[in-house]
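Below is one structure; the comments refer to it alone.
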Amino acid sequence: MSAALDAVRALKARWPGATDRATLDHPAVNVPASDLLAVLRSLKEEHGFDVLEDVSGVDWGVGSSPRFTVVYHVLSTTGHDYVRVAADCADAGAPEVPSAAALWPGADWHEREAYDMYGIRFTGHPDLRRILMWDGYPHFPLRKDFPLSGVPTELPDAEVVAETKTGAIAAPMAGGPFVASPGGINMTEAEPRAKDESWTERHPKPGT
């Protein structure tokens, strides 16, 4: 049996609220948010899962209960195996779970991204603020109720605002929709490109 399967079995024996999570790849476990930090600490300190690979969020959609889930992937560099840990966020008020930044400093940016994109708060995080969108942006772009074409939003950056007629653009399309030329060409030429690349043409990359 792999180290990951052994670890998941031990977690379920120790925390009655931990249950198997359906998966097609790595062993996975669901845990209550109240047990999340203790479970992650056990994986790191007792089972050798010493690297935090990523933190992500899931929005199951408006009306779902729970609506939001946080997912951690941890790696054992000695066992060469992964465990996936998922915790549902409480429905009352803003979704939140405890931060794992004290266990893995790399959780800092991962959790900030999940906060920025989903609005999930990580209690105990040392510096929970937006990492991609600007401070004061009123939306969470990866939520299911955020439109694919974006939301017209006043941009705070004067240089960017000067590139638009109204000072408001719909993020995150940035010139889309994106299209790719079908078949018969190399992959570089098949790379999806925005229909409107005028901004890129006016702001070429250095050295081009």
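FYI, it's all coordinate maths here, none of it is from the lab. Computed from a prediction, not measured in an experiment: that's the story for all the values here. Here the Cβ positions follow ideal geometry from the backbone for every residue, glycine too, while neighbour counts run over all protein chains shown.
In whole Å, what is the distance between the alpha-carbon centres of the stretch 122-141 and the stretch 35-113?
17 Å
Which net charge results when you count Lys and Arg as +1 and Asp and Glu as -1 among the other residues whose beta-carbon is under 15 Å from that of Ser2?
Result for the local shell: -2.
Starting from the Cα of Lys144, step 7 Å along the direction of its Cβ; do the same at Trp109; then give the gap between the two resulting points in nm.
Going by the 7 Å Cα→Cβ label model, 3.0 nm.
Would you work out the relative contact order for the stretch 96-156, in percent, from Cα pairs under 8 angstrom that are 6 or more residues apart?
Computed over the stretch 96-156, the figure is 29 percent.
Could you run the Debye sum over the Cα atoms of the stretch 3-123, one equal point scatterer each and no solvent, and tell me log10 of I(q)/I(0) at q = 0.09, 0.10, 0.18 Å⁻¹, two decimals?
-0.22, -0.27, -0.90
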